[in-house]
Amino acid sequence: MHIPFFSSQPMHAAIRGEMLVAMARVYDSNWYVLGKEVTQFEQAYSEFSQVTHTVGVGNGLEALTLALRALGIGRGDEVIVPSNTFIATWLAVTHVGATPVPVEPELTTSNLDPELLAAAITPRTRAIIPVHLYGQACRMPAIMALAHVHGLQVMEDNAQAQGAAFDGQLTGSFGAVNTTSFYPTKNLGALGDAGAITTNSEELAQRLRVLRNYGSVTKNHHETVGYNSRLDELQAALLRAKLSYLAEWTAQRQQIAAWYTQHLAGITNLRLPTLAAGATHVYHLYVVHTPFRDALQGYLATQGIGTQVHYPVPPHLQSAYTQLNLPIGSLPVAEELAATCLSLPLWPGMTEDMVGAVASAIRRF
Ligand SMILES: *Cc1c(COP(=O)(O)O)cnc(C)c1O
């Protein structure tokens with residue numbers, strides 16, 4: 001059985017008619033940037049996220065960059081980031097002129113360890129960016145409490161966890177400004193690049209609307225050195241159509257994860273995802289850990305099963321960050337996770353038979 005790592009085909013086949021109607025509506029509107037489709041999607045995403053404001057932008061990296069700018073973070077500042085995140089979280093900090101300061105995750109959940117935060121705080125620290133990695137909510141109450149004590153901003157990177165919650169509160173609603181990505185493979189995916197920032201502050205939302213549009217408040221008046229990073233009308237229309245299915249797709253992801261957990265139980269040298277007490281998981285990815293990762297990935301490929309590694313090289317070991325002088329061995333938890341993690345196929349529309357076939361292949365290996 002050929003099982004791809006990811007396919008949007010079942011999702012997209014089911015809503016094809018609706019998506020084409022949305023495309024035609026934008027096509028016929030003659031208005032393609034910052035119009036009513038963006039406003040309507042922003043309202044719908046705010047309702048979904050239980051926040052008062054959403055600002056649609058070009059992609060997840062720019063969402064992070066603009067959010068840091070809106071908080072006034074820049075040269076000379078330090079921002080705490082997870083050592084094992086996708087590099088975009090670090091890049092945004094670097095782009096605004098600040099320094100990313102990595103903190104190690106919990107080995108069990110792969111999410112930022114709140115107990116390790118205090119030791120990373122210096123007089124220059126301005127913010128913490130928790131990343132809800134793979135779709136599981138970070139332990140936000142502990143992170144928020146520590147940030148409060150030290151007078152730090154919190155900015156969630158919610159690119160992988162739309163709809164997850166901790167103690168009943170949705171991810172993307174804890175921090176002062178929080179970012180997400182609608183890259184096509186994310187749980188809510190556009191048909192191209194797109195991203196957004198969520199906030200409960202009217203003032204920060206207004207600053208972000210200015211920043212995304214050349215720093216312009218009114219046409220031809222530029223109050224700050226802004227960007228061109230706008231969610232476009234076409235993606236907004238498509239995202240609004242897809243948003244009404246997100247809860248259903250999330251439930252399917254959780255069902256598929258439950259099948260994996262059941263079918264993969266009791267295999268030695270294979271560690272399955274762990275949930276923190278209080279956290280929900282929307283399974284952007286189902287990630288297992290094994291010391292035989294590379295061999296297992298190779299074997300599954302011979303069986304027609306697609307897998308990926310998120311992420312094989314942590315940011316501190318990338319050439320882009322040699323200037324931080326963090327050699328191999330300096331962040332051992334991130335390095336161990338990078339060496340052992342494997343993401344299994346998971347997409348709405350996968351059947352229990354497919355999950356069973358993946359599990360049988362892993363057991364044979
Ligand atoms: C995908 C992702 C991003 C970047 O989003 P883009 O839209 O691809 O720029 C940032 N952070 C995390 C954790 C991501 O998974």
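Any idea which of Ala320, Ala236 is open to solvent by 30 Å² or more (accessible area, probe 1.4 Å) and under 23 Å from Leu64 (Cβ atoms)? I'd like the intermediate steps shown before the answer.
On the way: Ala236 fails: open to solvent by 30 Å² or more (accessible area, probe 1.4 Å).
Within the list Ala320, Ala236, the selection yields Ala320.
Name the residue that is surrounded by the most Cβ atoms within 10 Å (Cβ to Cβ), counting only residues in region 189-223 that are part of a loop (DSSP other than H, G, I, E, B) and modelled with pLDDT under 95. Spell out how you get there, then give the answer.
So in region 189-223, the residues part of a loop (DSSP other than H, G, I, E, B) come out as 189-194, 200-201, 212, 214-215, 219-220, 223.
Okay, now just the ones that are also modelled with pLDDT under 95, so 219-220, 223.
Working: Lys219: 8, Asn220: 6, Glu223: 12.
For region 189-223, the residue satisfying everything is Glu223.
For region 341-365, name all the residues that are within 15 Å of Phe292 (Cα to Cα) and crowded, with 20+ Cβ neighbours inside 10 Å.
To start, the set of residues in region 341-365 that are within 15 Å of Phe292 (Cα to Cα) comprises 341-344, 361-365.
Scanning region 341-365 gives Cys341, Leu342, Ser343, Leu344, Ile362.
Report, ordered by the first and then the second residue, all pairs with beta carbons closer than 8 Å, sequence separation of six or more or different chains, a first member in region 34-55 that is outside the structural domain of Glu202 (by TED's automatic domain parsing), and a second member that is aliphatic (A, V, I, L, M) and surrounded by fewer than 17 Cβ atoms within 10 Å (Cβ to Cβ).
Note: no pairs meet the criteria.
Being in a strand (DSSP E or B) and more than 20 Å from the chain's Cα centre (by Cα) is the filter here; which residues of region 271-288 pass it?
Going through region 271-288, the residues in a strand (DSSP E or B) turn out to be 271, 279, 281, 286-288.
Hit for region 271-288 is Arg271, nothing else.
Any chance you could count how many residues in region 133-159 are open to solvent by 10 Å² or more (accessible area, probe 1.4 Å), within 12 Å of the ligand (Cβ to nearest atom) and in a loop (DSSP other than H, G, I, E, B)?
The first filter runs over region 133-159 and keeps only residues open to solvent by 10 Å² or more (accessible area, probe 1.4 Å), leaving 134, 139, 141-142, 144-146, 148-153, 157, 159.
Pick out the ones that are also within 12 Å of the ligand (Cβ to nearest atom) and you get 134, 157, 159.
Filter once more, keeping what is in a loop (DSSP other than H, G, I, E, B): 159.
Number satisfying all stated conditions: 1.
Anything in region 47-69 that is within 11 Å of the ligand (Cβ to nearest atom) and open to solvent by 20 Å² or more (accessible area, probe 1.4 Å)? List them, or say none.
The first filter runs over region 47-69 and keeps only residues within 11 Å of the ligand (Cβ to nearest atom), leaving 57-65.
Within region 47-69, Asn59, Leu61, Glu62 meet the criteria.
Somewhere in region 78-91, is a residue modelled with pLDDT of 95 or more and out of contact with any helix residue (DSSP H, G or I) (no Cβ under 9 Å at 6 or more places or on another chain)?
Taking region 78-91 first, the residues modelled with pLDDT of 95 or more are 78-91.
Next, from what is left, pick out any that are out of contact with any helix residue (DSSP H, G or I) (no Cβ under 9 Å at 6 or more places or on another chain): none.
No, there is no match, as no residue in region 78-91 is modelled with pLDDT of 95 or more and out of contact with any helix residue (DSSP H, G or I) (no Cβ under 9 Å at 6 or more places or on another chain).
Taking the conditions exactly as written (open to solvent by less than 20 Å² (accessible area, probe 1.4 Å) and not aliphatic (A, V, I, L, M)), does Tyr283 satisfy them or not?
Working: open to solvent by less than 20 Å² (accessible area, probe 1.4 Å): no; not aliphatic (A, V, I, L, M): yes.
No.
For region 85-102: of the residues being within 13 Å of the ligand (Cβ to nearest atom) and open to solvent by 20 Å² or more (accessible area, probe 1.4 Å), which is farthest from Lys186 (Cα to Cα)?
Only one residue fits best here, namely His95.
Any chance region 12-29 includes a residue that's modelled with pLDDT of 95 or more, under 23 Å from Lys219 (Cα atoms) and either among the small types (Gly, Ala, Ser) or within 16 Å of the ligand (Cβ to nearest atom) (or both)?
Filtering region 12-29 for residues modelled with pLDDT of 95 or more gives 12-29.
Of the ones still in play, those that are also under 23 Å from Lys219 (Cα atoms) are 29.
From the residues that got through so far, the ones that are either among the small types (Gly, Ala, Ser) or within 16 Å of the ligand (Cβ to nearest atom) (or both) too are 29.
Yes: one or more hits.
Can you say whether Thr268 is in a loop (DSSP other than H, G, I, E, B), within 16 Å of the ligand (Cβ to nearest atom), open to solvent by 50 Å² or more (accessible area, probe 1.4 Å) and of a type in the set (Ser, Thr, Tyr), as far as the supplied structure shows?
On the way: in a loop (DSSP other than H, G, I, E, B): yes; within 16 Å of the ligand (Cβ to nearest atom): no; open to solvent by 50 Å² or more (accessible area, probe 1.4 Å): yes; of a type in the set (Ser, Thr, Tyr): yes.
No, not satisfied.
The values are calculated or read from the model by the stated rules, or taken from the named source; none is laboratory data. This is a predicted model, so every value here is computed, not measured. Note that we place each Cβ from the backbone using ideal geometry, even for glycine, and neighbour counts take in every protein chain shown. Accessible surface areas use protein heavy atoms only, side chains included; no ligands, DNA or RNA. Shrake-Rupley method; radii C 1.70, N 1.55, O 1.52, S 1.80 Å.
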